[in-house]
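K.L.:
Sharing a structure here in structure tokens format.
The values are calculated or read from the model by the stated rules, or taken from the named source; none is laboratory data. Just so it is clear, the structure is predicted and the values come from calculations on it, not from any experiment. Cβ atoms come from the backbone with ideal geometry, glycine included; neighbour counts cover every protein chain shown. Surface accessibility is based on the protein's heavy atoms, side chains included, excluding ligands, DNA and RNA. Shrake-Rupley method; radii C 1.70, N 1.55, O 1.52, S 1.80 Å.
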Amino acid sequence: MTILTVLICSGAACLSSGEEAVKNKLMTLINEKNLQDEVKVIETGCMGPCQYGPLMIVYPDNSFYISLNEDKIEKIVDEHFIKGRPVKEYLWETPETRKKVEEKKIIPFFEKQLKIVLGNCGNIDPENIDEYIGTGGYEALAKVLTEMTPEEVIDVVTKSGLRGRGGAGFPTGLKWKFAREAKGDQKFVICNGDEGDPGAFMDRSVCEGDPHTVLEGMAIAGYAIGANKGYIYIRAEYPLSVKRLQLALKQAKKYGLIGKKILETDFNFDIDIRIGAGAFVCGEETALIASIEGERGQPRPRPPFPAQKGLWGKPTIINNVETLSNIRKIILNGPEWFSSVGTEKSKGTKVFALSGKVINTGLVEVPIGISLREIIFDIGGGIANGKKFKAVQIGGPSGGCVSEQNLDTPVDYESLTSLGAIMGSGGLIVLDEDNCMVDIAKFFLEFTVDESCGQCIPCRVGLKQMYNILDKITKGKGTMEDITRLEELAKVVKSTSLCALGQTAPNPVLSTLKYFRDEYYEHIKEKKCRANVCKFDEIEEKVIK
Amino acid sequence: MEKIKIKINGQEVEVEQGKTILQVAKELNLHIPTLCNFEPLLPQGSCRICLVEDRGKFVTSCTTQVAPNMDVKLDTPDVIASRNLILQLLFTERNHYCMYCEASGDCELQKLGYEFGLDHFEFETYERKFTVDNSHNYIVIDPNRCVLCRRCVRACSQLAGHNVLGEMNRGIDTTIIADMNVPLGESSCTSCGLCVQVCPTGAITDKRSYYFGKDIQTEEIYSNCDQCPVGCGVKIYKKKGSNFIVKIYGDFDKENEGILCKLGRYAALFEEKSRLTSAKIKDDFGFKKIDFDGIIKTINEKMEDSVVYVDGSLFNEELSLIKKVFKDRVFSLYENEPPIESNVSIDDIKSAKDYIVIGVDLNREYGVIGSFIKRKIFSKNGRLILFDSNYNSLKNVANYVFGIDELESGLEKLKDLDSPIIIYKNLSEKETEILSKNKNFRFFYLPFETNSIGLLKENIKHKIEKSKNIIFIGKNLQGLKDIAKESFTIVFTPYETDEINKFDLLIPINDGFEREGSFYNVDGKVINKAKVLDSKFETFDLKAILEELIKVKSL
């Protein structure tokens, strides 16, 4: 009889911090001590606090072990599994009180989170379809196929207020409606898993931890718009996601949940996985379509929008992994349940990849409308090493920096945009006094310069010229004119670029200019970098003199 | 088309739905500057020069279709400032110093510079040096002059269907490449030269016209190509006041849609065969020169016991004069009757879905027909089935490839063909029989020579007859040497070939753009060709000799 259930995190972060060795040791010990019948070990997807990996939860005690290694496992097996005493010193410690927390559910990192998308991540074995079905998986698909018309499905999604989680926040129900109404003998559903923002890993964690929820969301979307073919576009840099999605697809097909005559209805829906070669711009929907078509991955002008003319000219919807992962719960629990969470215009939850100078980094899911302060100081545990908070960068290279004074702003699409940042796909990088804001702007611009597809002039050349100016400033050679020039360029690049990459790429520069302008001035006038990041080349100046 | 009302510059106008803002503005005589846009190509909106404002938002006028309630403003201060800055950025990206550029004067980027009054660089120019690709026989690619408008890439795939050009790298490192980044000269380029024609700057130029004359120094002559029976429309740029063609472009308003093949674009510019430079007659000591009167006299003497052979390079006017002089003693030296008559036209080729090509390499011959088919295959709107046992460069493109001996079994396997067009040149009797059986098939015959159809219209058929004297008029001397062994042979031809010394009287005639006339193309339409150049040699106008013969005879 199973007495203990052990969940061990096998997300990519834990894997890279040595989960495999820990698991092997655990299995060896269980075999050695003959505990096979008493201890059940399940490998799950991402549990969240990636920084402390490898992670392990032991039920029924609810003990949350962190930063494991083989020696620790030996002790845990001896003390906890055999003698029944959780090993306190290996448990989670709250940074404020330095106290060991004995039960996972009262850990502050998890307390303020609300897990809808990540509900199964870290709780089930992603490689076993039965576990997914055990949590109510594919029930929503069954409900949709047997009890609802496509219009009703779209209606429910519209009422829920779900908006695209890929960055732009377009209402999902409306997008589906357009595709449903578009005329075409063939329609497509594309799941966008081309998560390219540096430091963002929300979609990866969902695909690794709960791949079936993505498949189910896609099938429901397919039924709603009248498509019988779906593509998952995922980065080649995510081999584990690809592997788990492929496995999930195989299992779902075997169970008759994907493929022909799903659940013995007349609905056919097949899914293919397409692997991207790692170009950031392929996360842009028209570039993604071009890439699936086998063309060079670069954006096409919109309109026509994909809902009218998408993949191979057919009506297509493109939804982000996280968006599609919300679908099944909306169907099962109803639109009111979903819209009860969030703010007036933005409903539900949002997953963020919390990183940078906070104590607890990792994957968090919070109700929309929570303040940035709560995310950084309550969930993230505040700034590491007793340093002072300076800014938080939201939305990756397309986003902007938010300063201390705006930390109490509720996190939703509109508020963040008004601050000069964007919700984006969910990267959240916390910066402290050791970060130079000019350097940060340059860092993100370097990324977009490198990732620009090279099609339109403002993005291709304009960003490079902006980068050159920032480079000058960080080397102490900037002039006040450069600031004017920078703003002029940023304005034109933003308003005239072909796709969202160029239209948002100046955001890091504009937002730092807005909130940290004095740092720019210091670099130019005083040749000083208050964070001591920029090295001014004084020797060269002397030689010239 | 349905009409809708929109506002342009505050004025309410009625416009056709489905058109772009740029097209509508053009019809209203309103100027919007453009760079990457090129009318026959699909717009891609990458240069952003054609930006206009619609209800507070910038849109590219080349890609945005008019829609109800639009309020378009073409020249707001914001629009002008943005265009200006974009142009500034473009000029600083690569080497756009006009004074050393071949395209200076004809360059569209330079024109924009003048239009916007650009007289200095506002930004640091960062010199990125790319290697110039000089590997091709006719074409030079200089990426340093490139604005990455991708007209060449689009023309190469969307229009010409060759899909040779593409892009490499991202951002500011983006360059135009051939195939998988091989030198153009080693690539699958068929030298159709359309990229040269569409390039707005000096990035893609052709070696012959390089520094030989700007558009302003040339006169444009519209004519047709006579290299093959497709008869493409061409635009010839002849240097003013000189006997010299600078370049030949495809005519976008003709059936060939601006596309040419290597022959059409470069054969006249790069003469590879050596010309017969003067008339000569053989006597016991070898050849000696002969003048016009001598030619007339000799032919007149030999005419009685003579047979006349012609080939398909002759024009209708020439053929009718030949018939007038030599009556029914005129034969075609080569087989010129189609195995199966054509029943479709070039337009049908453009709209068909399935093509069966039998034994013709459309990349090497009839190149423009090849373009029409290949672009449909690449855009997945058509299928190509190839029957050829020899080397055929279409094999890389075809959806199905069979040997010529598999014709019957191959067709058996392809049951779902949608009234396919059979494209062929020669067919054996057996092949003709197999193909004629199928009622579903449509036929497109590619005549062997430019005016094969003209020969038939004049009732000149293939027949070999022995005679004391033989007169040959044409370019292809291949079949002549066997039948001319024991006869006195008079040859009218433009070229000096190895076997030419076996014949007795050699009369050089005008060729290429030195002569004018008409011929029947693949569709049976009469195609006219203009005279553009004067011959540089002591060559004769065939028609003048024939007319003189008629005159002499009637005396």
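K.L.:
Please go through (1) within 14 Å of chain B (Cβ to nearest Cβ); (2) surrounded by fewer than 20 Cβ atoms within 10 Å (Cβ to Cβ); (3) farther than 29 Å from A:E322 by Cα for A:M480 and return the number of the only condition it doesn't satisfy.
P.N.:
So the condition that A:M480 fails would be (1).
K.L.:
Right, another one. Kindly establish whether B:N399 is over 18 Å from B:Y366 (Cβ atoms), among the polar types (S, T, N, Q) and without any contact (Cβ under 8 Å) to a residue 60 or more places away in the chain.
P.N.:
Numbers: over 18 Å from B:Y366 (Cβ atoms): yes; among the polar types (S, T, N, Q): yes; without any contact (Cβ under 8 Å) to a residue 60 or more places away in the chain: yes.
Against the criterion (over 18 Å from B:Y366 (Cβ atoms), among the polar types (S, T, N, Q) and without any contact (Cβ under 8 Å) to a residue 60 or more places away in the chain), B:N399 qualifies.
K.L.:
Hey, does region A:494-515 have a residue that's over 26 Å from A:G278 (Cβ atoms) and within 12 Å of chain B (Cβ to nearest Cβ)? Before you say what the answer is, go through the steps one by one.
P.N.:
Taking region A:494-515 and keeping what is over 26 Å from A:G278 (Cβ atoms), we get A:495-496, A:510-515.
Going one step further and asking which of them are within 12 Å of chain B (Cβ to nearest Cβ), we end up with A:495-496.
Yes - at least one qualifying residue is present in region A:494-515.
K.L.:
If you don't mind, there's one more thing I want to ask. Just one of the numbered conditions (1) basic (K, R); (2) crowded, with 20+ Cβ neighbours inside 10 Å; (3) free of Cβ contacts under 8 Å to residues at least 60 places away in the same chain is not true of B:K238; which one?
P.N.:
For B:K238, the failing item is (3).
K.L.:
I've got another one for you. Every residue in region B:428-471 that is open to solvent by less than 70 Å² (accessible area, probe 1.4 Å), more than 29 Å from the chain's Cα centre (by Cα) and hydrophobic (A, V, I, L, M, F, W, C), please.
P.N.:
Matches in region B:428-471: B:I434, B:L435, B:I470, B:I471.
K.L.:
Here's a follow-up. In the set B:L269, B:L260, which member is of a type in the set (A, V, I, L, M), surrounded by fewer than 20 Cβ atoms within 10 Å (Cβ to Cβ) and part of a loop (DSSP other than H, G, I, E, B)? So that I can check it myself, show each step before the final result.
P.N.:
On the way: B:L260 fails: surrounded by fewer than 20 Cβ atoms within 10 Å (Cβ to Cβ).
B:L269 is the lone residue from the list that is of a type in the set (A, V, I, L, M), surrounded by fewer than 20 Cβ atoms within 10 Å (Cβ to Cβ) and part of a loop (DSSP other than H, G, I, E, B).
K.L.:
Anything in region A:430-467 that is more than 7 Å from every other protein chain (Cβ to nearest Cβ) and not in a helix (DSSP H, G or I)? List them, or say none.
P.N.:
Hits for region A:430-467 are A:V430, A:L431, A:D432, A:E433, A:D434, A:N435, A:C436.
K.L.:
Follow-up question, since we're still on this one. Based on this model, can you work out whether A:A236 counts as surrounded by fewer than 16 Cβ atoms within 10 Å (Cβ to Cβ) and closer than 24 Å to A:T316 by Cβ? Can you show your working first?
P.N.:
On the way: surrounded by fewer than 16 Cβ atoms within 10 Å (Cβ to Cβ): yes; closer than 24 Å to A:T316 by Cβ: yes.
In short, yes.
K.L.:
What number of residues in region A:161-177 are open to solvent by 40 Å² or more (accessible area, probe 1.4 Å), modelled with pLDDT of 95 or more and among the hydrophobic types (A, V, I, L, M, F, W, C)?
P.N.:
Residues in region A:161-177 being open to solvent by 40 Å² or more (accessible area, probe 1.4 Å), modelled with pLDDT of 95 or more and among the hydrophobic types (A, V, I, L, M, F, W, C): 1 in total.
K.L.:
Just to verify a result, which residue in region B:105-132, among those that are surrounded by fewer than 16 Cβ atoms within 10 Å (Cβ to Cβ) and in contact (Cβ under 8 Å) with a residue 60 or more places away in the chain, is farthest from the other protein chains (Cβ to nearest Cβ)?
P.N.:
Out of the qualifying residues, it is B:G105.
K.L.:
Looking only at residues in region B:320-359 that are open to solvent by less than 40 Å² (accessible area, probe 1.4 Å) and touching a Leu at 6+ places or on another chain (Cβ under 6 Å), which one is nearest to B:E465 (Cα to Cα)?
P.N.:
B:S332
K.L.:
Something else about it: Hey, A:P315 hits all of (1) crowded, with 24+ Cβ neighbours inside 10 Å; (2) within 14 Å of chain B (Cβ to nearest Cβ); (3) modelled with pLDDT of 95 or more but one; which does it fall short on?
P.N.:
All conditions pass for A:P315, except number (2).
K.L.:
Given the criterion over 11 Å from the mean Cα position of the chain (by Cα), in a loop (DSSP other than H, G, I, E, B) and within 26 Å of B:R145 (Cβ to Cβ), identify the matching residue among B:S188, B:S278, B:S242. So that I can check it myself, show each step before the final result.
P.N.:
Numbers: B:S278 fails: within 26 Å of B:R145 (Cβ to Cβ); B:S242 fails: within 26 Å of B:R145 (Cβ to Cβ).
Residue meeting the stated conditions: B:S188.
K.L.:
Taking interchain pairs and intrachain pairs at least six residues apart, which have beta carbon atoms under 7 angstrom, with the first residue in region B:33-61 and outside the structural domain of B:A160 (by TED's automatic domain parsing) and the second open to solvent by 40 Å² or more (accessible area, probe 1.4 Å) and of a type in the set (K, R)?
P.N.:
If the second residue must be open to solvent by 40 Å² or more (accessible area, probe 1.4 Å) and of a type in the set (K, R), the pairs left are B:V52/B:K73; B:E53/B:K73.
K.L.:
Of everything in region B:38-66, what is among the small types (G, A, S), facing chain A (nearest Cβ under 7 Å) and at negative phi? Give them in sequence order. Write out each step before concluding.
P.N.:
Pass one, region B:38-66, residues among the small types (G, A, S): B:45-46, B:56, B:61.
Among the residues that remain, those that are also facing chain A (nearest Cβ under 7 Å) are: B:45-46.
Within region B:38-66, B:S46 is the sole residue that qualifies.
K.L.:
Right, next: Looking for whichever is in a helix (DSSP H, G or I) and open to solvent by 40 Å² or more (accessible area, probe 1.4 Å) here; the options are A:E522, A:E487. Which one fits?
P.N.:
Numbers: A:E522 fails: open to solvent by 40 Å² or more (accessible area, probe 1.4 Å).
That would be A:E487, the only listed residue that is in a helix (DSSP H, G or I) and open to solvent by 40 Å² or more (accessible area, probe 1.4 Å).
K.L.:
I would also like to ask the following. Quickly run through region A:1-31 and pick out the residues that are assigned to a helix (DSSP H, G or I), touching an Asp or Glu at 6+ places or on another chain (Cβ under 8 Å) and hydrophobic (A, V, I, L, M, F, W, C).
P.N.:
A:A12, A:A21, A:V22, A:L29
K.L.:
Consider A:T361 carefully, then state whether it is away from chain B (no Cβ under 14 Å), open to solvent by 20 Å² or more (accessible area, probe 1.4 Å) and out of contact with any His (no Cβ under 9 Å at 6 or more places or on another chain). Outline the logic, then answer.
P.N.:
Details: away from chain B (no Cβ under 14 Å): yes; open to solvent by 20 Å² or more (accessible area, probe 1.4 Å): yes; out of contact with any His (no Cβ under 9 Å at 6 or more places or on another chain): yes.
Taking the combined requirement at face value, the residue satisfies it.
K.L.:
Can you find even one residue in region B:8-16 that is open to solvent by 30 Å² or more (accessible area, probe 1.4 Å) and either in contact (Cβ under 8 Å) with a residue 60 or more places away in the chain or within 14 Å of another protein chain (Cβ to nearest Cβ) (or both)?
P.N.:
Checking region B:8-16: at least one residue is open to solvent by 30 Å² or more (accessible area, probe 1.4 Å) and either in contact (Cβ under 8 Å) with a residue 60 or more places away in the chain or within 14 Å of another protein chain (Cβ to nearest Cβ) (or both).
K.L.:
Based on this model, can you work out whether A:S291 counts as among the small types (G, A, S), open to solvent by 10 Å² or more (accessible area, probe 1.4 Å) and either at pLDDT 90 or above or out of contact with any Gly (no Cβ under 7 Å at 6 or more places or on another chain) (or both)?
P.N.:
On the way: among the small types (G, A, S): yes; open to solvent by 10 Å² or more (accessible area, probe 1.4 Å): yes; either at pLDDT 90 or above or out of contact with any Gly (no Cβ under 7 Å at 6 or more places or on another chain) (or both): yes.
Criteria met by A:S291.
K.L.:
If you don't mind, there's one more thing I want to ask. Test B:L35 against the criterion of being at pLDDT below 95 and within 12 Å of chain A (Cβ to nearest Cβ), and give yes or no. Don't jump to the end; show me each part of the working.
P.N.:
On the way: at pLDDT below 95: no; within 12 Å of chain A (Cβ to nearest Cβ): yes.
Here the answer is no, as B:L35 does not meet what is asked.
K.L.:
Which is at pLDDT below 90, more than 21 Å from B:P229 (Cα to Cα) and open to solvent by less than 10 Å² (accessible area, probe 1.4 Å), of B:L414, B:L480? Outline the logic, then answer.
P.N.:
Working: B:L414 fails: open to solvent by less than 10 Å² (accessible area, probe 1.4 Å).
Unique residue meeting the criteria: B:L480.
K.L.:
On to the next question. Looking only at region B:68-82, filter to residues that are in contact with an Asp or Glu (Cβ under 6 Å, 6 or more places away or on another chain) and open to solvent by less than 40 Å² (accessible area, probe 1.4 Å); which one of those is farthest from the other protein chains (Cβ to nearest Cβ)? Outline the logic, then answer.
P.N.:
Filtering region B:68-82 down to residues in contact with an Asp or Glu (Cβ under 6 Å, 6 or more places away or on another chain) leaves B:70, B:72-73, B:76, B:79.
Keeping just the survivors that are open to solvent by less than 40 Å² (accessible area, probe 1.4 Å) gives B:70, B:72, B:76, B:79.
On the way: B:M70: 12, B:V72: 15, B:T76: 12, B:V79: 9 Å.
In this case the residue turns out to be B:V72.
K.L.:
Condition first: within 22 Å of A:I232 (Cα to Cα), touching an Asp or Glu at 6+ places or on another chain (Cβ under 8 Å) and crowded, with 24+ Cβ neighbours inside 10 Å. Can you find one or more residues in region A:328-338 that meet it? Outline the logic, then answer.
P.N.:
Here is the first cut: in region A:328-338, the ones within 22 Å of A:I232 (Cα to Cα) are A:328-331.
Applying the additional criterion that residues be touching an Asp or Glu at 6+ places or on another chain (Cβ under 8 Å) yields A:328.
Still in the running and crowded, with 24+ Cβ neighbours inside 10 Å: A:328.
Yes, because at least one residue in region A:328-338 is within 22 Å of A:I232 (Cα to Cα), touching an Asp or Glu at 6+ places or on another chain (Cβ under 8 Å) and crowded, with 24+ Cβ neighbours inside 10 Å.
K.L.:
Sort through B:L89, B:L85 and tell me the only one that's within 38 Å of the chain's Cα centre (by Cα) and surrounded by 13 or more Cβ atoms within 10 Å (Cβ to Cβ). Spell out how you get there, then give the answer.
P.N.:
On the way: B:L85 fails: within 38 Å of the chain's Cα centre (by Cα).
None of the others qualify; the one that does is B:L89.
Rundown of residues vs (1) open to solvent by 20 Å² or more (accessible area, probe 1.4 Å); (2) assigned to a helix (DSSP H, G or I); (3) away from chain A (no Cβ under 13 Å), yes/no style:
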{"position": "B:H136", "(1), (2), (3)": "no, no, yes"}
{"position": "B:L148", "(1), (2), (3)": "no, no, no"}
{"position": "B:A155", "(1), (2), (3)": "no, yes, yes"}
{"position": "B:Q158", "(1), (2), (3)": "yes, yes, no"}
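K.L.:
Suppose we filter region A:71-99 for residues that are free of Cβ contacts under 8 Å to residues at least 40 places away in the same chain, open to solvent by 70 Å² or more (accessible area, probe 1.4 Å) and not polar (S, T, N, Q); how many remain?
P.N.:
8
K.L.:
Quick one: what pairs do we get from region B:184-204, first residue surrounded by 24 or more Cβ atoms within 10 Å (Cβ to Cβ), second in a loop (DSSP other than H, G, I, E, B) and among the acidic types (D, E), C-beta under 8 Å, 6+ apart or different chains?
P.N.:
Correct list of pairs: B:G202/B:E102; B:G202/B:D142; B:A203/B:D142; B:I204/B:D142.
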